[in-house]
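The values are calculated or read from the model by the stated rules, or taken from the named source; none is laboratory data. Fair warning: this is a prediction, and the values are worked out from it, not measured in the lab. Reconstructed Cβ throughout: ideal geometry from the backbone, glycine too, with neighbour counts over all protein chains shown.
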Amino acid sequence: MSVTRKSWFSSVDGILAPLQFVTFRRIWMASVLSNLGILIQGVGAAWAMTQMASSADRVALVQTALTLPVMFIAIPAGAIADMFDRRIVSLVALSIAVCGATALTVLDGLGLTTPNLLLAFCFVVGCGMALMGPAWQSSVTEQVSQEALPSAIALNGISYNIARSVGPAVGGIVVASIGASAAFGLNALLYLPLMLALLLWKRVAEPSRLPPEKLTRAMISGVRYTSNSPSIKIVLLRTTMLGVIGSSITALMPLVARDLLHGDAWIYGIMLSAFGLGAVIGALNFTQVRKRMSGETAVRTCLVGIGVTFAIVAVSSSPLLTAAALVVSGAVWTTTWTLFNVGVQFSAPRWVTGRALAAYQVAVSGGIAIGSWGWGHLTDAAGVEAALLVSAGLMAASALVGLWLPLPRVGARGEEGEMLADPEVKLALTGRSGPVVVEIEYRVAAENARPFHSLMQDIQLFRRRNGAYGWSIARDIADPELWTERFHCPTWLDYLRQRNRATQAERALDRQAAAFHIGAEPVRTRRMLERPFGSVRWKDETPDHSVNDAMAVHYTRGGRP
């Protein structure tokens, strides 16, 4: 065994190290087959559409139908993945995809398929995969060790691209020799091994001391977290740009094969396979790229590489040259997506991983869906070659965005801190009592005012992304050393969740703020009920819980917020 191959398996960050974990290995191998199936169906659907409709925008809409569901489903799917058993969620999602593929097989076999029906059932299959995406990707953290997580994320990309390296060619052969209905039926069958692998996974759920959020509030929590996370917002913006600009190559590939290379379904499959082969090469070398380059340098290099290869595909009339360009394009394409994916997963704690990945999927698929539609219309107006050249120029120019929005450095994944005991209260509260107002008083020396205020801006972000709203920091004009941090939580239960969502790094910020505090008295925390009407009774049923001030829920010195 060569040194390189041995390091892939034995090193904790080797690309194949996650395969040492039985559950991950079993699910990963089955996912290769399921990805193979959906790619075979994609070839069948795209080629069937070229036979039923001559317009380029109709052909491009096949990819839009498969990816657009992510824009509508991913956010609730991410919340569902964080709220419920991710294994069960994945099984339900796969069942939806199987039903869609089976229905398409039957209709096409009976000769009843129309362009609209084809798009509709591609949309159903896309819905199943959109529901599964966040649950499947976020469950990787439960299947491998922390050290193996980046390699596991890259391997999931390899899973798709191994299938892409052979799936389109197989799809082209199946469609050319048997027909599109066989491609649809094969897709339905190839979902079954993954369903079996998930059934064999004996997932050990970590029970939470607090009840799960309702779906609507969980979705809001996910949106709030990503909107208050600067690193995730940068990744999502650049991911959307990549999807919009780069979707031209996959959306227009049937037309590249038909119009630029004058080929048939077999040539179309070969071109997609070349792109997939390059993607496998890129994913296998992902860990080496991370070691040799910073994330931003790697992304800029890849974006320029994608632009150059797109231009070659646009002007080439040789299948061999086009295939070679697509191999390189696939390698740098996959490296870029994997860098963005790792950036998202390492920027989000476990409680919101599914929702962060859902936002990433919305950015990916939304960009691809919108871009595919746009490139199809541009192709109708200007031709395949012109559309690809425009895409190539925009892709190379997009590398300059990194000058203003550099990709955040990927450090250790933020791990949750230990669960905190519930604060002592002297009012009879329910989980729905609220809003709750928290005030934290610090006494800070005048010479430390500026660094303390700067630190509080970082604290503001993590308070908000963990569930607080209405955050403010105020300085007493009669006592300039006295600072008051204030924020709200919608209910008592939301407050308990908010204080226990902080990662170890975020709690370190709290300790830094406390270190600025001076004087004999420790940091003072007040927790108050903003609407105390239910706590005011004509006859006090719990005299030991009475308080002089109906607004006060709890007052403590030196407690955690």
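Taken over region 103-119, the criterion of being in a helix (DSSP H, G or I), over 30 Å from the mean Cα position of the chain (by Cα), modelled with pLDDT under 85 and not small (Gly, Ala, Ser) is satisfied by Asp108, Pro115. Candidates in region 501-534 are the residues that are surrounded by 20 or more Cβ atoms within 10 Å (Cβ to Cβ) and assigned to a helix (DSSP H, G or I); of these, the one that is farthest from the chain's Cα centre (by Cα) is Ala513. The listed residues are Trp351, Trp373, Trp404, and the only one of them that is over 26 Å from Leu277 (Cβ atoms), without any contact (Cβ under 8 Å) to a residue 60 or more places away in the chain and out of contact with any His (no Cβ under 6 Å at 6 or more places or on another chain) turns out to be Trp404. Any idea which residue in region 476-500 is surrounded by the fewest Cβ atoms within 10 Å (Cβ to Cβ), counting only those that are over 27 Å from the mean Cα position of the chain (by Cα) and of a type in the set (D, E, K, R)? Per the stated criteria, the residue is Asp479.
If you go through region 227-239 and keep only what is assigned to a helix (DSSP H, G or I) and surrounded by 19 or more Cβ atoms within 10 Å (Cβ to Cβ), you end up with Ile232, Ile234, Val235, Leu236, Arg238, Thr239. When Ala363, Ala348 are screened for being assigned to a helix (DSSP H, G or I) and among the small types (Gly, Ala, Ser), only Ala363 passes.
Pairs meeting the criteria (first residue in region 73-84 and more than 14 Å from Ile96 (Cβ to Cβ), second residue assigned to a loop (DSSP other than H, G, I, E, B) and not aliphatic (A, V, I, L, M), beta carbons under 8 Å, at least 6 apart or on different chains) are Ala79/Glu213; Met83/Pro212; Met83/Glu213; Phe84/Pro212. Per the listing Leu131, Leu189, Leu119, the residue uniquely within 22 Å of Ala65 (Cα to Cα), crowded, with 24+ Cβ neighbours inside 10 Å, in contact (Cβ under 8 Å) with a residue 12 or more places away in the chain and in the same structural domain as Ala323 (by TED's automatic domain parsing) is Leu131.
Consider Ser55 carefully, then state whether it is modelled with pLDDT under 85, surrounded by fewer than 17 Cβ atoms within 10 Å (Cβ to Cβ) and in the same structural domain as Gly126 (by TED's automatic domain parsing). When the stated conditions are applied, Ser55 passes them. Residues considered: Ala381, Ala387. Of these, the only one that is at pLDDT 90 or above, more than 26 Å from Ala502 (Cα to Cα) and buried (at least 19 other Cβ atoms within 10 Å of the Cβ) is Ala387. In region 267-296, of all residues being of a type in the set (Ser, Thr, Tyr) and more than 23 Å from the chain's Cα centre (by Cα), the one that is nearest to Val256 (Cα to Cα) corresponds to Tyr268.
One residue stands out in region 1-30 among those that are more than 19 Å from Ile281 (Cβ to Cβ) and hydroxyl-bearing (Ser, Thr, Tyr): the one that is modelled with the highest pLDDT, namely Thr23. The helices (runs of 4 or more DSSP H) located wholly in region 251-329 that include 3 or more residues which are closer than 22 Å to Ser391 by Cα occupy 265-284, 295-315.
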